[in-house]
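Undergrad: Below are the structure tokens for one structure; questions will follow.
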Amino acid sequence: MRLPWFNRARRDSDLDEEIRGHLALAQSERVARGESPADAAWAARREFGNVGMVKEITREQWGGGAIWLERLIQDLRYAVRSLRRAPGFATVAILTLALGIGVNTAMFSVVNGVLLRSLHFVQPDRLFLVSYQDPKNEWQREPVLTDHDYLVFKQRTRAFASVATFSGSPVTVTGGGEPERVNAALVTPEFIGVLGVAPALGSTFAAEDGKPGHAPLAVLSDRLWRSRFAADPMIVGKPVVVNGVTNTVVGVMPPGFNFPSDAALWQPTEVTTSPNNVWSRPVVGRLRAGVTQEQALAELKAIAPQFADFPGVKRVELVPDVVPLKRFVVGDIERALWIFAGAVGFVLLIACANVANLLLMRAASRQQEIAVRAALGAERPRLIRQLLTESAVIALVGGAVGVLLAVVGVRALVAVAPAGRVPRIEELRIDGIVLAFTAGLALVTGMIFGLVPAFRTTRRELRDTIAQGARTLSSRHGGLRGALVVVEIALALVLLAGAGLMIRSFAQMRAVDLGFRPASVVAMTVDLPRSVYPNGEAMQRFHTSVLAGLAALPGVDATGAVNWRPLGGNLIAGDFQVENGAQSKGWADKMLVSPGYFRTWGIRLRGGREFREQDDAAAAKVVVISATIARKLWPNADPVGKRISMEDKPTPGSWLTIVGVVDDVVQEDVKKEAHGTLYQPYAQVAFPFFLEHMNFGVRTSAPLATVAPAMRRVLRSVDKDQPIQKIATMEELVASTRAEPLFQARLLALFSILALALAAIGIYGVLAYSVAERTHEIGIRVALGAQARDVSRMVLRRTIALSVPGVAIGVAGALVVTRVLDRLLFGVKPNDPATLITVAALLAGVALVAALIPARRAARVDPLIGLRAE
């Protein structure tokens with residue numbers, strides 16, 4: 001059976017024939033009664049009524065689906081023809097909307113890839129992290145359990161089907177090519193099974209793996225397997241040298257699996273407890289079927305009293321928590337992403353307001369057309385549907401163009417995003433979900449900006465419209481257009497305030513005195529494996545050899561080394577004892593450095609002396625302190641010559657004599673207050689833990705392109721199997737620590753610029769159209785003696801009438817909305833008056849600039865034009 005709309009031509013032909021037959025019969029009857037053929041034909045048509053309406057009613061009786069589809073096609077064709085007749089309007093509307101939809105699609109693809117898309121594990125919603133920690137401890141940045149607590153919890157939990165613990169650290173892979181530094185994960189044997197990921201080749205770890213006496217094993221990532229082992233299908237069972245120890249490869253993971261911390265290989269470990277050291281690591285578990293997160297948390301609270309006490313921490317201060325694994329993977333970026341998603345939402349609202357204004361202006365010029373169509377029988381719902389169809393066409397085309405902009409935008413975001421700061425960045429793409437979001441967004445926005453113009457355009461009485469003419473009809477939309485511009489200004493000001501705060505925050509961050517001079521310093525980071533360098537003496541000899549080789553390089557002015565370089569992200573801190581001091585204890589960052597470190601990094605010496613080559617293991621133990629420690633412990637005395645000790649119970653041989661005082665250095669983060677720093681010569685400390693990680697630096701005026709290869713050659717001459725973890729100028733390393741706030745400030749500034757541009761276009765459009773509307777009135781005013789400046793003032797008053805409410809509402813909104821930025825700001829408050837005043841003045845200035853062209857055009861109106869129009 002053929003569907004009704006496939007027979008439309010035949011049925012339309014039959015309907016036309018039936019109507020002609022009916023009219024012919026009525027006409028013949030009237031002629032038979034004595035009327036002339038012309039009068040009879042006219043009377044028959046008048047009696048029959050509107051032929052087009054009769055056809056429409058008849059078609060509706062043929063079937064709802066058929067007529068609905070038919071009218072939709074008609075509306076689409078008419079909308080396309082209508083837009084083609086107004087190419088300027090269509091282009092501006094589509095591009096404006098494409099801009100709003102494009103940035104929203106790009107941001108949604110980021111939010112979807114990072115926050116919404118499921119992790120690539122089996123039933124990832126069943127994976128949770130278990131923690132019990134001190135929230136006041138600034139060193140604990142992630143949910144963890146101590147090894148003792150992990151063993152207790154693993155034994156007693158019933159809510160979790162299985163649990164595992166893990167930690168990450170870089171390792172050196174040698175053999176089969178150049179030494180390579182990669183991220184590795186030490187995991188308990190159950191780890192990969194807890195995540196539910198099967199290896200692509202081989203197997204994972206057995207329960208006994210990782211225990212003392214068992215052969216070292218490793219599981220490779222797909223990326224490492226392909227890059228270093230050429231995707232060898234027979235890799236299982238072959239050796240791989242990790243930190244100088246030969247491991248047997250037992251498996252290769254599938255592509256995309258790199259948890260945790262972008263791991264390239266996994267090694268098994270056994271968790272044991274020690275009375276002298278407390279290790280804390282993340283613990284992941286898989287909930288049993290039917291167990292909820294709340295039930296798991298209740299179980300953890302019940303088990304927690306059996307956990308070991310933290311030294312110096314009250315148990316009541318510890319907080320048990322069970323959090324989804326995704327939160328650990330995503331990290332701290334979730335808040336920032338939702339803020340940016342809200343920002344691009346503001347951009348879309350401004351774009352919608354602009355398009356709505358365009359539609360209102362277009363509707364004003366189409367009043368006569370709408371009135372005529374209504375007079376010919378078109379009902380109001382039919383006219384509204386037609387106008388909404390035009391809005392939908394604009395939205396869908398704008399959405400299609402927006403997708404193209406989003407593709408470019410996502411690639412740009414991936415390219416400029418700080419390295420390692422956006423998790424799951426490899427998963428960012430325009431996929432089916434993103435396209436569905438864009439289609440839905442386009443349709444919703446089409447309805448949003450199309451409804452009000454459609455309803456307002458079709459609600460006026462026909463006789464009023466036809467009688468008054470198109471010239472005066474558009475004025476009734478002026479209030480609504482002005483309100484939309486006020487909304488645009490307010491939204492733009494909120495975005496500008498947020499961007500201004502982020503920019504000021506970044507400026508405050510840049511203004512922080514780092515305590516050293518990064519210019520002309522090149523730093524090289526090396527990690528020594530204990531399997532090759534088993535004790536502190538071997539590590540010291542390595543460091544001395546590297547420093548000697550660097551000092552011999554041409555163009556090098558100074559050389560130095562420090563285990564934890566400034567702004568390196570890692571450091572060791574602890575307490576120390578003061579000899580014969582009013583304050584017996586202190587807390588400080590603890591560094592090992594070489595002679596020449598302070599001069600190389602440009603750290604100012606305030607008193608005493610720097611370390612010398614003679615400060616070796618055979619000499620008296622010495623220490624250099626930073627200004628904060630000197631100020632706190634000896635505010636009115638010279639600390640040089642005083643003694644401190646790193647031991648809790650100092651012995652006569654553990655006292656260190658202070659030989660110098662240097663400026664405070666920002667070691668960890670510019671946002672955190674410095675604790676003060678203690679510096680010891682690396683030659684006087686033999687603990688491998690303090691010596692295995694070392695940063696070598698040279699101060700030179702030579703370019704990095706020549707210095708870096710020379711430093712690599714020096715390292716290779718000392719030990720050809722040790723790779724460089726990182727080599728870069730200190731200026732680049734400092735910039736990398738500011739990369740995330742700079743990226744955030746630039747991104748918000750970009751959205752604000754888009755919003756400001758759209759608001760300026762909206763102001764210009766409303767004022768330009770207002771001048772065009774009032775050409776007749778302006779002509780009369782000029783004819784009656786009004787000067788050009790009087791006419792310009794009229795336009796500027798209109799600008800002020802739009803700007804002042806918009807700025808006022810925007811400032812009020814900014815005071816509320818910018819509070820979400822509080823955690824992202826440094827050195828500035830969300831309600832910073834200087835920022836609000838600056839952005840308000842900027843927006844007002846842009847509004848005035850946008851008004852200049854309409855004002856000049858109004859001032860040049862020829863009075864004869866207005867009089868002739870009358």
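Undergrad: Just add up the charged neighbours of LEU553: K/R +1, D/E -1, any other residue whose Cβ is under 12 Å from the Cβ of LEU553. Don't jump to the answer; show the numbers that get you there.
TA: On the way: positive: ARG699, ARG712, ARG713; negative: ASP557.
My count for the surroundings of LEU553 gives +2.
Undergrad: Taking 30 Å as R0, compute the FRET efficiency from the Cβ-Cβ separation of LEU76 and GLU427 and round it to 0.05. Write out the running numbers ahead of the final one.
TA: On the way: r = 37 Å, r/R0 = 1.23.
Computed FRET efficiency for LEU76 and GLU427 comes out at 0.25.
Undergrad: Students often forget the sequence filter, so: which lysines lie under 23 Å Cα-Cα from LYS590 once same-chain residues fewer than 8 apart are removed?
TA: LYS136, LYS621, LYS632, LYS642, LYS649, LYS671, LYS672, LYS726
Undergrad: How far, in nm, would the chain grow between LEU435 and ILE853 when pulled straight, counting 0.36 nm per residue and subtracting the alpha carbon separation? Mind showing how you got there, number by number?
TA: Details: separation 418, 0.36 × 418 = 150.48 nm, distance 3.97 nm.
That pair, LEU435 and ILE853, stretches by 146.5 nm at full extension.
Undergrad: Take the Cβ-Cβ distance between ASP125 and ALA511 as r, set R0 to 56 Å, and report the resulting FRET efficiency rounded to the nearest 0.05.
TA: On the way: r = 45 Å, r/R0 = 0.80.
It comes out at approximately 0.80.
Undergrad: Which of rounded, prolate, oblate describes the stretch 558-706, given a ≥ b ≥ c as roots of the alpha-carbon gyration tensor eigenvalues and a/c under 1.5 marking rounded, otherwise prolate only if a/b is larger than b/c?
TA: Details: a/c = 1.63, a/b = 1.44, b/c = 1.13.
Because a/c hits 1.5 or more and a/b exceeds b/c, the stretch 558-706 counts as prolate.
Undergrad: Once you order the gyration tensor axes a ≥ b ≥ c over the Cα atoms, which shape class does the stretch 693-830 get: rounded for a/c under 1.5, otherwise prolate or oblate by comparing a/b with b/c? Intermediate results must be reported in sequence, preceding the final value.
TA: On the way: a/c = 5.48, a/b = 3.12, b/c = 1.76.
Prolate.
Undergrad: For SER13 and VAL414 in the same chain, what is the full-extension length gain: residue separation times 0.36 nm, less their Cα-Cα distance, in nm? Don't jump to the answer; show the numbers that get you there.
TA: On the way: separation 401, 0.36 × 401 = 144.36 nm, distance 5.96 nm.
Gain in length upon complete extension: 138.4 nm.
Undergrad: Using a Förster distance of 56 Å, how high is the FRET efficiency between LEU404 and LYS301, based on the Cβ-Cβ distance and rounded to 0.05?
TA: For LEU404 and LYS301, the calculated efficiency is 0.60.
Undergrad: Fully extended, how many nm does the chain gain between LYS726 and ALA834 (0.36 nm per residue separation, minus their Cα-Cα distance)?
TA: Numbers: separation 108, 0.36 × 108 = 38.88 nm, distance 4.09 nm.
Length gained between LYS726 and ALA834: 34.8 nm.
Undergrad: Express the C-alpha Rg of the stretch 161-259 as a ratio against the empirical globular expectation 2.2 N^0.38 Å, rounded to two decimals.
TA: Numbers: Rg = 12.9 Å, N = 99, 2.2 N^0.38 = 12.6 Å.
The value comes to 1.02.
Undergrad: Rounded, prolate or oblate: which fits the stretch 236-290 when a ≥ b ≥ c are the square roots of the eigenvalues of the alpha-carbon gyration tensor, with rounded for a/c under 1.5 and prolate only if a/b beats b/c?
TA: Working: a/c = 2.19, a/b = 1.16, b/c = 1.89.
Note, shape of the stretch 236-290 comes out oblate.
Undergrad: Given a 1.4 Å probe and every protein chain left where it sits, what share in percent of the accessible area of the stretch 161-304 is carbon and sulfur?
TA: Values: 3440 of 6310 Å².
Using a 1.4 Å probe with all protein chains present, the stretch 161-304 comes out at 54 percent carbon and sulfur.
Undergrad: Could I get the Rg over Rh figure for the stretch 565-629? Both from C-alpha atoms, Rh via Kirkwood, rounded to two places. Intermediate results must be reported in sequence, preceding the final value.
TA: Numbers: Rg = 13.3 Å, Rh = 13.8 Å.
Taking Rh as the inverse mean 1/r over Cα pairs, Rg/Rh reads 0.96.
Undergrad: Using a 1.4 angstrom probe and counting only protein chains, how large is the accessible area of TRP42 in Å², to 10?
TA: 150 Å²
Undergrad: Here is a further query. Scan around VAL144 for amide H atoms under 5 Å from its own, H built in the peptide plane at 1.01 Å from N, and keep only partners 5 or more places away or cross-chain.
TA: TYR132
Undergrad: Ok, one more. How would you rank 616-629, 427-440, highest first, on the average number of other Cβ atoms within 10 Å across their residues?
TA: Working: 616-629: 19.1, 427-440: 15.9.
With the highest mean Cβ count within 10 Å placed first, the list reads 616-629, 427-440.
Undergrad: Given labels modelled 7 Å from the Cα in the Cβ direction, how far is it in nm from PHE687 to GLN293?
TA: With each label placed 7 Å out from Cα toward Cβ, I get 3.9 nm.
The values are calculated or read from the model by the stated rules, or taken from the named source; none is laboratory data. Remember, it's a predicted structure, so these values are computed and weren't measured experimentally. Positions of Cβ are backbone-derived with ideal geometry, glycine not excepted, and every protein chain shown enters the neighbour counts. For accessibility, only protein heavy atoms count, side chains too; no ligands or nucleic acids. Shrake-Rupley method; radii C 1.70, N 1.55, O 1.52, S 1.80 Å.
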